[in-house]
Each structure stands twice: as C-alpha cells, then as structure tokens.
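Chemist: I am attaching a structure below and will ask some questions about it afterwards.
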C-alpha cells in the first residue's frame, strides 16, 4: 500500500466533495431564478491495478448533470407577457450578439423598441403574420423575427364576407310586382316613400348589417326579404298531376346611407341595390338554392361575399341575425398570447388580430444540452439536433401566459446534500492528515 497514493485518493475525494458543494451552492443561489434547472454531482470510481499483496488506491471522478427535462411549478403573475411552457419544449431566443439559443425562462418584458426581452437580455423570437399564417421551419431558425408588441398607429381591415341565419315565415303574403305595387329590388325609382310610383310593398321583412370599407369607415346595409311564391307539394290527383313548386323569396340589399328621409319609409333609395338574389325553399322549408351572393358597392369599391344558406322557411315568425368580418379603424390597446403561441393585437374596436406566432424547439435529449450563462441552452452532438414546431403539436407542450416556471430546486434536499458533502470532505481530510502523519514517522526513522 502506498501512503502517498492514499493521500492522492483523499485529495480526489476532497475535490469531488468540493464539486458537489459547488453544485449545491449554485442551486441554492438560483432557487428563485425563473425556470432554473438544478445541477447534480454524481461520482464514479477510478481503479488502479493492484497485486495480491499490494493495494493501490484509485480516485473518484465527478460528473455534473442538469435536470433540464424536470419541469418546475407554475407561478401566476399579473403580466400577459410572462410566459411558461407546460410540457416539453423551449422558447427560441436571440442574444445581443445575434446567437440563437433555447430557454425556458419566459419572464419577457417589452424593451425600449417594444421587443419582448427576458431578464437575462435574450429576445423572444417568432414568426410574423405579415404575409398570412406562418409555416414553421422544422430544422432551423430561418424566418424568425423578434416579437414586437409596440404596435403603433391605427389598424383596420375591410369586410370581405358575412353571413345570416334565421327564419322566413312560411305564412308570409306572396307579393307579385304590378302597376300598383313594386318589389324592393325596383323600389329605388319613383318619388319616394308611400308616394313612389308604384309604391314598394309593405309585405316585406327588413334587417340590417354593419360592414367596414377600406378606410375603416362603417357602412350599414339594409336587407329586404320579400316572398314571391309559395312552396306547394305535388298533387297526383289532378289530371295531369300537378308537380311540386318551390317557395321563393327575393333578397334586395341597399346602402342605408342612400335611404330616403322624412317620408315614413326608406324608399326610394337614391341609388340601386348593391345586391339581389332569389332564395328557393322546398316544401320542408329547407333552402335549395340562392343562399350565396356578393354585395358589390360602387361607392366603396368593395365586395362582400354573403352566405344566407342557413336561413329556413318555417311556420314561425321572421328572425334574422348576422354579421360581417372586418374591423373599423382603431388603436391597439394591448396584446394577448394564447396557448398555441399566437400573439394577438387587441383593438379598441373590432376583433383581435394575429400578429406573431411563437414556436417551441426541442431536442432528443434535453438533459444533455450545453448550459450557458443567462439560463439558456445550446444543442450539441449528445443532445441531438434542434427540431422546431408550434406549441401544442408534435409532442410539445402549450404556452401559458400570465405565468412563469419556477426553479425545480428542492431546497430541503440541497441542505441535506450540503451536510453530506461537508462530512465527506472532513472525512477525506482526515485521511490526508493521517497519511501526512505516517509520512512524518517515516521521515523521522531516518534520524
């Protein structure tokens, strides 16, 4: 047995426990660091060849690993740009030097330019909706841009489609155009109101809908429904047999701004209808044709595809509800982020508008990622290549706003590890001290 060898072994033991104490120190220091992943020191022995009557003590090696795949608890916050990932995946962020790395730390706040930056100075990256719904680049970070929530100015979008649902009363009076009564589709001619020539029938139903032009102005349209034929079942008892007939309704759409005023009626309008159609119903009251048409407005140069295919003709009162898409000119009041990572701009008027989508990245072995300063990670040969996708798909988790991921450090366990490391270090130092005393004995034998 070599006294010097035992001293070397005890030194390696003290170094190993010092390494363990270092990981404990790091873990305790970062117990409140957002999405910090605890470090663990594990040991392996190095054995030296020994003879039957001679034992050579070896040493101990330290391996440090990080529990990257172990998720921390979710902590609720009051900020809509605080994000956590519930499940697998990492945010893709960019450092000040332009390097693209991964992180779970989602404590993002707008910087002076409106870009979302976390406390370590890394900028959140995503895909823009400027050219429509984005497609993810699976094997790289091409196409990613900083997520910017500083949406200045006014935004609007013109109406391009609309729809109505409801019921047309099957018992309504059938109207036939004549020299004494006009259908709404021709009611814009004449002298106005009940004195138009001829006057427009009063046996018609009206509803209105608001749309938006290219400048964000609101445009209201009046929609008239007038029954022009009854639906009748086939009569086989007549000679020859009478075939079934469809129920038909005329639809006429006018600009509300062109309606007559002070006449007790909207007719006559100052310009013709911007759309007309004929709705056809079978004897069961279900629509068979005419449910789609286009509003073409020459004053706004806009077209709106209307869908009335869900209207019915039943023995019930007239009912009609509908809407159009589009948005009036309005300022952005803030942003929201959904669980799929879509960033929406919220407006004072109108519906939210998607402006970015945040992707998530993953690797085959997250615990093998290279840890870097700022609580970020970089892929390497052991972790596997980075694969990018959208949240809530391909095995990735979902994004939760108003939430942060806590550190996964178990403080009580770290205090226990610290005591164990301290005792082991002390024991190894005693071995070294004993070896040193024995060497003194050997040196003194020479005297």
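Throughout, read-outs are computed from the coordinates displayed, never taken from laboratory work. Here the structure is a predicted model, which means the values were calculated and not measured. Here Cβ is always computed from backbone atoms with ideal geometry, including for glycine, and neighbour counts include all displayed protein chains.
Chemist: If you find the alpha carbon centre of region 377-397 and of region 227-252, how far apart are they in angstrom?
Modeler: 64
Chemist: Right, another one. If each Cα of the chain is one equal point scatterer, what is log10 of I(q)/I(0) from the Debye formula at q = 0.07, 0.10 Å⁻¹?
Modeler: Each listed q maps to, in turn, -0.62, -0.88.
Chemist: If you average the C-alpha positions of region 1-60 and of region 281-327 separately, how far apart do those two centres end up, in angstrom?
Modeler: Region 1-60 and region 281-327 have Cα centres spaced 78 Å from each other.
Chemist: Here is a further query. Cut-off 19 Å, label point 7 angstrom out along Cα-to-Cβ of residue 333: give me the residues of region 132-157 whose amide nitrogen falls inside.
Modeler: What the label zone holds, given the 19 Å backbone N cut-off, is 149-157.
Chemist: As a check on your grasp of the helix formula, calculate [θ] at 222 nm for the chain: sum -39500 (n - 2.57) over DSSP H runs of n ≥ 4, divide by the residue count, round to the nearest 500.
Modeler: Result for the chain: -5000 deg cm²/dmol, rounded to the nearest 500.
Chemist: Shifting gears a bit: Rounded, prolate or oblate: which one fits region 346-419, using the alpha carbon gyration tensor with axes a ≥ b ≥ c (rounded when a/c is under 1.5, else prolate when a/b beats b/c, else oblate)?
Modeler: Cα axes put region 346-419 in the oblate bin.
Chemist: Please state, to two decimals, what the Cα-based radius of gyration of region 158-324 comes to when divided by 2.2 N^0.38 Å (N = residues).
Modeler: Ratio of Cα Rg to 2.2 N^0.38 Å: 1.10.
Chemist: How far apart, in nm, are the 7 Å Cα→Cβ label points at residue 276 and residue 76?
Modeler: 6.0
Chemist: If you count the DSSP beta bridges with both ends in the chain, what percent of them are antiparallel, to the nearest 5?
Modeler: Percent antiparallel among DSSP bridges in the chain is about 90.
Chemist: I need the calculated FRET efficiency for the pair residue 234 and residue 138, taking r as the beta carbon distance and R₀ as 45 Å, to the nearest 0.05.
Modeler: Step by step, r from the Cβ atoms, then E = 0.15.
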